[in-house]
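Following: one structure in structure tokens, then a few remarks.
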Amino acid sequence: MARYDPKTTEPRQQARWAEAEAFVTPTGETGRPKYYVLEMFPYPSGNIHMGHARNYVMGDVVARSKRAMGYDVLHPMGWDAFGMPAENAAMERGIHPGNWTRSNIATMRDQLKLLGLSLDWSREFATCDPEYYGQQQAWFLDLYRRGLVYRKDGVVNWDPVDNTVLANEQVIEGRGWRSGAIVEKRKLNQWFLRITDYADDLIEGLAELDRWPDKVRLMQENWIGRSKGATLWWDIAEVPAFLNGTADGQPSHDRDPIEVYTTRPDTLFGASFLALAPDHPLTRAIAEHRPDVAAFVKACAQTGTSEADIEKAEKQGIDLGIRVRHPFDPDRTLPVWSANFVLSTYGSGAIFGCPGHDQRDLDFARKYDLPVVPVVRPDGSDDVEIGTEAYVGPGRIFNSDFLDGLSVEEAKAAAIARLEASGHGKGATIYRLRDWGVSRQRYWGCPIPIIHCPTCGPVPVPADQLPVVLPEDVTFDVPGNPLDRHPTWKHVDCPSCGTKALRETDTLDTFVDSSWYFARFTDPTAAEPIARAAADKWLPVDQYIGGVEHAVLHLLYARFISRALSDAGLMSVREPFAGLFTQGMVVHETYFEGTDAVGKPQWVEPTDVRIETVDGQRIATRLSTGARLSIGDIEKMSKSKKNVVAPAEILESHGVDAGRLFVLSDSPPERDVQWTPGGVEGASRFVQRAWTLFDTYDPDFAGEEAANAALVRETHKAIKAVTEGVEGFRFNAAIAKLYAFVATVRDQGQAGGAAKRQALSALARLIAPFTPHLAEECWTRLGEEGMILNAPWPVWDADLAADDEVVLPVQVNGKRRAEIRVARGTDPAEVEALVLADPGVRARLEGQEIRKVVVVKDRIVNLVVG
Ligand code: ANZ
Ligand code: ZN
């Protein structure tokens, strides 16, 4: 009996696949259905880590199983290669971003290849290839001509550490998503993509995505944030004298009404004040004359700017000395305040406060002693008491003139009708989603293909001058944009009139690069951005796999760009990812040796740690020094905590197949998996056990009839369970079944003949997606010709695979009244207990007393009652 040696087998099998070009995507008419499986392509940061490995192995299980099930599979790989870290490396270590990126790609490609993934490497590209980003420039100009790209002065999120503009999506709790620096507001001329044109379509499309996690669909819906309500215009009754008679061309604050957005026009009679955002133009105009208002505005600017920060902050406000007329009753006037809880970026940056029915308004009113007038009372009660809690539930309107007696929904419609008739408002739908600011003042990105001419304005770079290639000779010694300070690159002649003009020096947000790469993979060398026939053949991606951290950013942009490119005629599919799976992370315990002067733990790498259990307590010791260590939390593997285990270490010690098996075996794919040395050893032992079955297989042993029959049943059950596990993304359950099946085959020592051969043939094919190298070896050992890669997936017979369950009829006084499902062979006493507890059976007894229970095992239950 020979031990299975992954070290020699794995490279041999990989060479065999490479030799046969086994993973090159089939093209042309094959008559087989297509299946496109894609994992979110990696950023080439330096090394493949365990999280990558788990992600790509999951995709590989899908790709290999679908191939066996008869599909033509597209399973490509590439690199999301533009972005800040390359420029940081350039600044810190003087390496050119291109060199840094390409050398990382080379390293990571080798590491990925070690994993034995069934990837079509012939389609590989990096987004920093001019062939790729040049095509991106081409479609960017298509969208420009279609009015989906525009430039405007915008207040932008400025990251003072990375020296760049961030999209709203890249600001997390007021901080830059990469640098962690507190984000500032700045005014800059920026390029935008009109994603808001597609807001409704992007919401409606979510309904079709029944193979997406509900959680992700909900996050997208909330991000787009469609809200239905009304826009109101409040006429000015009084303004401070200093705002009167402003010069022509200035906003006339004594005349222009104040615009307010509300979702609750039904509560208008309960309004007791208006509140403007601190950076509302009117607040700012007043701040120029009133130091107290100026101080208030300044104080507000210093607290965080995210919605979460504003939600948390104590309510603050200041009376602006303006009064407005109520739209339903011009004789009634209300004060106008500025308040810190009003966002300038949502709606019109102004609200009417109705303290009775909005908690923020109530907190504010109580603090500043403003009136609280309830106008909605719950159905069936004739008043509503407002103490410290606003009433936000349904009910009937009162205290409200012509709205009295209506329900909330009826009152909304009636209020809007009246507002529209008098010109004081109209029904409106607004969105939280903003247009996508794509300008980045960085070097390592796709140049925006526009030339600014003093006479013609912005002019698209002509198609025959694309791609606009990044210059190689750039410097990173000072902050700011290297493209902007390059001596010659930006100086060009206007393509339209020939005068001296300047290239745009902004580059595109890297989320643009990743918003269409899946379409480019369908024909990565096409002369146009997307080869329509290939894209229409392969898209949508049938199964997309990646981290949930991309639930909003990347996935929303990709859905938007697919729609825009499809409207521009580049492809047909509008919804790019039919199935989405978001996998959990790989986590590991952390270890540290005391803390430094500022209390930061001194992390120690797991490879330098020995764990022992003494008196039930786990003790960690540092191998290199013998020092006693503290055991920290179990956390996502990260360099900063030093709790990283490189895939290479595992592959070196236990082999690729054991590593692949382990990352999928210990927990459901959507959950985190904790890396433990014991786990991978278990997987390694399984590899040996499975091999032994094949290695000791004796084709001449006929076996005993009963054992053979039992093994046939077990085989069909295993095929069914593993197939369902694989198709339902329950890889851990599929692997558990494989472990159990290997034990069964081993224990059925008396089985042989066709039954045994069938069992082993099925087993080899079932393990193939998980441990493909081992599976090939087993296949050959069985005497099969060719590669298991091309063998069909085993099928099961429903009768043979039937669950070990029986349905017992339950007779009451000789008449069949109910039935009960139990495991085959269940003990009669247990069946009796189950029957008596069964609500369906009890209902049939109608309170009669049970005199006798007779259970015939696996057959029938008889009850005698009366
Ligand atoms: C009056 C009112 C009465 C409101 C009431 C609520 C309850 P969603 O659903 O998120 O769209 N609002 C409007 N613009 C705002 C801004 N820029 N900053 C902060 N709050 C703003 O929320 C819409 C509601 O949020 C609007 O309806 C408005 O308050 C407030 F009993 O108007 B409501
Ligand atoms: Zn010109």
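The values are calculated or read from the model by the stated rules, or taken from the named source; none is laboratory data. Since we're looking at a predicted model, the values are computed, not measured. All Cβ positions, even for glycine, are placed from backbone atoms using ideal geometry, and neighbour counts span all protein chains on display. In case anyone asks, the SASA skips ligands and DNA or RNA and just uses the protein heavy atoms, side chains included. Shrake-Rupley method; radii C 1.70, N 1.55, O 1.52, S 1.80 Å.
Some observations on this one:
- With respect to the conditions (1) under 38 Å from the mean Cα position of the chain (by Cα); (2) touching a residue at least 12 places away in the same chain (Cβ under 8 Å), Leu320 lacks only one, and its number is (1).
- Members of the stretch 165-189 that are in contact with a strand residue (DSSP E or B) (Cβ under 7 Å, 6 or more places away or on another chain) and on the phi > 0 side of the Ramachandran plot: Gly174
- Taken as a whole, the condition of being away from ligand 1 (no atom under 16 Å from the Cβ), under 19 Å from the mean Cα position of the chain (by Cα), at pLDDT 95 or above and part of a strand (DSSP E or B) applies to Tyr544.
- Considering each residue of the stretch 562-569 in turn, at least one proves to be of a type outside the set (Gly, Ala, Ser), open to solvent by 40 Å² or more (accessible area, probe 1.4 Å), under 26 Å from Leu433 (Cα atoms) and modelled with pLDDT of 90 or more.
- Among the candidates Pro467, Pro471, Pro460, Pro447, residue that is within 16 Å of ligand 2 (Cβ to nearest atom), modelled with pLDDT of 95 or more and touching a helix residue (DSSP H, G or I) at 6+ places or on another chain (Cβ under 8 Å): Pro460
- Of all the listed residues (Lys537, Lys600), the sole one being open to solvent by 70 Å² or more (accessible area, probe 1.4 Å) and either of a type in the set (A, V, I, L, M) or free of Cβ contacts under 8 Å to residues at least 24 places away in the same chain (or both) is Lys600.
- So Trp779, is it open to solvent by 50 Å² or more (accessible area, probe 1.4 Å) and among the aromatic types (Phe, Trp, Tyr): no
- Qualifying residue in the stretch 11-26 (condition: assigned to a loop (DSSP other than H, G, I, E, B) and either touching a His at 6+ places or on another chain (Cβ under 8 Å) or under 30 Å from Trp444 (Cβ atoms) (or both)): yes
- Whichever residue in the stretch 788-845 is without any contact (Cβ under 8 Å) to a residue 12 or more places away in the chain and assigned to a strand (DSSP E or B) and, among such residues, is surrounded by the fewest Cβ atoms within 10 Å (Cβ to Cβ): Lys815
- Listed by position, the strands (runs of 3 or more DSSP E) contained in the stretch 399-490 that have at least 3 residues being within 16 Å of ligand 1 (Cβ to nearest atom) and either aliphatic (A, V, I, L, M) or in contact (Cβ under 8 Å) with a residue 60 or more places away in the chain (or both) are 425-431.
- Within the stretch 491-519, tally of residues that are assigned to a loop (DSSP other than H, G, I, E, B) and within 16 Å of ligand 2 (Cβ to nearest atom): 7
- Selection status of Arg175, under 17 Å from Val438 (Cα atoms) and open to solvent by 10 Å² or more (accessible area, probe 1.4 Å): no
- Within the stretch 31-48, residues that are more than 16 Å from Leu117 (Cβ to Cβ) and open to solvent by less than 20 Å² (accessible area, probe 1.4 Å) reach partners that are of a type in the set (Val, Ile, Thr) and outside any loop (DSSP other than H, G, I, E, B) with beta carbons closer than 6 Å, at six or more positions or on different chains, in the pairs Pro44/Thr101; Pro44/Ile105.
- Residue check for Ser344: closer than 28 Å to Gly321 by Cα, within 15 Å of ligand 1 (Cβ to nearest atom) and open to solvent by 40 Å² or more (accessible area, probe 1.4 Å): yes
- Across the stretch 13-33, the number of residues qualifying as hydrophobic (A, V, I, L, M, F, W, C) and under 17 Å from Lys66 (Cβ atoms) comes to 4.
- Search result, residues across the stretch 379-392 that are modelled with pLDDT under 95 and within 16 Å of Arg264 (Cβ to Cβ): Val384, Ile386
- Note on the stretch 49-100: residues that are acidic (Asp, Glu) and in contact with an Asp or Glu (Cβ under 9 Å, 6 or more places away or on another chain) amount to 3.
- Selection status of Arg532, open to solvent by 10 Å² or more (accessible area, probe 1.4 Å) and either more than 16 Å from ligand 2 (Cβ to nearest atom) or on the phi > 0 side of the Ramachandran plot (or both): yes
- Looking across the stretch 488-519, just one residue is in contact with a Gly (Cβ under 6 Å, 6 or more places away or on another chain) and open to solvent by 30 Å² or more (accessible area, probe 1.4 Å), and that is Thr510.
- The stretch 631-683, residues that are within 16 Å of Asn47 (Cα to Cα) and surrounded by 17 or more Cβ atoms within 10 Å (Cβ to Cβ): Met637, Lys642, Asn643, Val644, Val645, Pro647, Ile650, Leu651
- The residue list Pro330, Pro335 contains one member that is of a type outside the set (Lys, Arg), away from ligand 1 (no atom under 15 Å from the Cβ), open to solvent by 40 Å² or more (accessible area, probe 1.4 Å) and touching a residue at least 40 places away in the same chain (Cβ under 8 Å), which is Pro330.
- Scanning the stretch 729-779 for residues that are of a type in the set (Ser, Thr, Tyr) and either assigned to a helix (DSSP H, G or I) or over 22 Å from Val61 (Cβ atoms) (or both) gives Tyr739, Thr744, Ser761.
- Flag if Ala275 is surrounded by 19 or more Cβ atoms within 10 Å (Cβ to Cβ), touching a residue at least 60 places away in the same chain (Cβ under 8 Å) and either assigned to a loop (DSSP other than H, G, I, E, B) or not aromatic (Phe, Trp, Tyr) (or both): yes
- Residue that is buried (at least 20 other Cβ atoms within 10 Å of the Cβ) and among the polar types (S, T, N, Q), where the choices are Thr595, Thr522: Thr522
- Pairs meeting the criteria (first residue in the stretch 646-662 and within 10 Å of Val687 (Cβ to Cβ), second residue of a type in the set (S, T, N, Q), beta carbons under 6 Å, at least 6 apart or on different chains) are His654/Ser684; Asp657/Thr771; Ala658/Ser684; Leu661/Thr771.
- Residues in the stretch 846-866 that are of a type in the set (Asp, Glu) and open to solvent by 60 Å² or more (accessible area, probe 1.4 Å): Glu846, Glu849.
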